[in-house]
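The numbers here are math on the coordinates, done by the rules we state, and not lab data. In this text, all values refer to a predicted model and were calculated from it rather than measured experimentally. Neighbour counts are summed over all protein chains in view; Cβ atoms, including those assigned to glycine, are modelled from backbone coordinates with ideal geometry.
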């Protein structure tokens, strides 16, 4: 049962990045506008890089390859996105409330990625210890 839960959770986290990664290219102009609204530099380059990274990282998670490091890298991306695009402290009213909700939701995603990475690092450590003892 543990393996099933871990696999389903890992794939669900991957889909959280795969679909938005694809949508960055499908709705390019909308995402450019959002990033420009937040005064981000190098918008087209950063948007393309984020989209490619999200798609590749999600596919690696689905394939269960390099899971520990990919989860940590995605956690870093979540923090960067949270601070730069969900800056509720600079907004008021409904828009501020909406961005605060996104910010807090992303902290949950961040935590899930840390747990996933920690689990896989622990698995790697145990596997390496077992092979050394044999």
Bounding extents of the stretch 2-133 in its principal axis frame from Cα atoms, largest first in Å, are 57, 27, 24
Peptides 42-51, 115-124 ordered by average Cβ neighbours within 10 Å, highest first:
115-124, 42-51
Can you give me the angle between helix 93-133 and the longest principal axis of the chain, using Cα atoms only, in degrees from 0 to 90, rounded to the nearest 10?
20
From DSSP H assignment alone, runs of 4+ in the chain each adding -39500 (n - 2.57), the sum over residues rounded to the nearest 500 puts [θ] at 222 nm at -30000 deg cm²/dmol
Could you quote the convex hull projected area for the stretch 65-130, Cα atoms only and averaged over all directions, in nm²?
4.5
